[in-house]
Amino acid sequence: SLPFLIRLFPSVLTKFVYLNFLAFPFFVDFRRPEVLVTNTINLQLSTEPGVTVGVWHTVPGSRGAEAQGKDQRWYEEALADAHPVIIYLHGNGGTR
């Protein structure tokens, strides 16, 4: 019966392959990364009309003391300085 259900509802297959409906760890608000990771802020990037991507910006530990208590504007300015930026793409399964 499983192949029949997949044939009728192909979106079910993608749910089980990618498991993107699961949020692990459970009951964690990923919009507030500072609870989980120090020196981190949540940002929203508009990649094209109607598409918004959520990202975390984490400054290195060497700038941790400087980042304490700063707002979003400080983190955005930190992206514009001469330090290199490392982008980590976690893939299409799971969440940030």
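Here are the numbers for this structure:
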{"quantity": "The chain - percent of accessible surface contributed by carbon and sulfur, probe 1.4 Å", "calculated": "62"}
{"quantity": "Restricting region 1-85 to chymotrypsin sites (Phe, Trp or Tyr not before Pro) in coil, as DSSP defines it, with at most 16 other Cβ within 10 Å", "calculated": "PHE21, PHE26, PHE27, PHE30"}
{"quantity": "Length-normalised contact order for region 1-65 - Cα pairs under 8 Å, 6+ apart - percent", "calculated": "20"}
{"quantity": "Per-pair calculated FRET efficiency, R0 = 30 Å: VAL35 and VAL85 via Cβ, rounded to 0.05", "calculated": "0.80"}
{"quantity": "The chain: C-alpha gyration tensor shape, a/c 1.5 cut-off, then a/b vs b/c", "calculated": "prolate"}
{"quantity": "Size of electric dipole in region 4-79: Cβ of Lys, Arg +1 and of Asp, Glu -1, about Cα centre, debye, nearest 20", "calculated": "360"}
{"quantity": "Exposure of LYS70 as accessible area (Å², to 10), given a probe of 1.4 Å and all protein chains", "calculated": "90"}
{"quantity": "Heavy-atom surface of region 4-79, accessible at 1.4 Å and reported per residue (Å²)", "calculated": "78"}
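The values are calculated or read from the model by the stated rules, or taken from the named source; none is laboratory data. Given the structure is predicted, the values throughout are model-derived calculations rather than measurements. Heads up, the Cβs are rebuilt from the backbone with ideal geometry, glycines too, and the neighbour counts pull from every protein chain shown. Heads up: the accessible areas ignore ligands, DNA and RNA and are worked out on the full protein's heavy atoms, side chains in. Shrake-Rupley method; radii C 1.70, N 1.55, O 1.52, S 1.80 Å.
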